[in-house]
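For reference, the structure discussed in these notes is given below.
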Amino acid sequence: MTGNATEEWLLTRLDYPGHLDPERIAGLSGSGVAIVVGLVVYSWFPAGLALAAGLGAGFLAGAVVYRRVTRRRMDREVAALTARRAAETEMTDAQIARMKAKYAGGTAPTAEMKKG
């Protein structure tokens, strides 16, 4: 697969990371809000006012969605890094405990023991 075929294959994948871009989600939701608000306002007010109201509502909705999606992504990354750090700390503590148990007989490690 080359060119467009590769891109189309990637876009059909459910786990494709581009589907969850905050920019894409915010843009789509802001566009939807802008269209709906613009059409609703246009039924009572002139087109210029409806356009301004739709654009304002769309940008506002897009900004809110973008911030929320970005914050959720950062929260997931923080949770993953925290779990990783906890696992590494637990592993380090276990290694220290094994080392202390190994040398608990009262002898300090000699140069030969330190080599391996």
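In table form, for the structure just shown:
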read-out: Positions within region 48-81 being among the basic types (Lys, Arg) and touching a residue at least 24 places away in the same chain (Cβ under 8 Å), in sequence order; value: Arg73
read-out: Cβ-Cβ under 7 Å pairs, at least 6 apart or on other chains, region 23-47 side among the aliphatic types (A, V, I, L, M), far side open to solvent by 60 Å² or more (accessible area, probe 1.4 Å); value: Ala26/Tyr66; Ala34/Leu55; Val41/Leu49
read-out: Filter result (of a type in the set (Lys, Arg) and within 26 Å of Glu7 (Cα to Cα)) within region 18-74; value: Arg24, Arg73
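Here's the yes/no breakdown for (1) in a helix (DSSP H, G or I); (2) surrounded by fewer than 14 Cβ atoms within 10 Å (Cβ to Cβ):
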{"position": "Ala26", "(1), (2)": "yes, no"}
{"position": "Ser29", "(1), (2)": "yes, no"}
{"position": "Val37", "(1), (2)": "yes, no"}
{"position": "Val40", "(1), (2)": "yes, no"}
{"position": "Trp44", "(1), (2)": "no, yes"}
{"position": "Gly48", "(1), (2)": "yes, yes"}
{"position": "Glu77", "(1), (2)": "yes, yes"}
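The values are calculated or read from the model by the stated rules, or taken from the named source; none is laboratory data. Just so it is clear, the model here is predicted, and its values are computed rather than measured. Neighbour counts are summed over all protein chains in view; Cβ atoms, including those assigned to glycine, are modelled from backbone coordinates with ideal geometry. Each accessible area value is taken on the protein alone, full model and side chains, heavy atoms only, with ligands, DNA and RNA left out. Shrake-Rupley method; radii C 1.70, N 1.55, O 1.52, S 1.80 Å.
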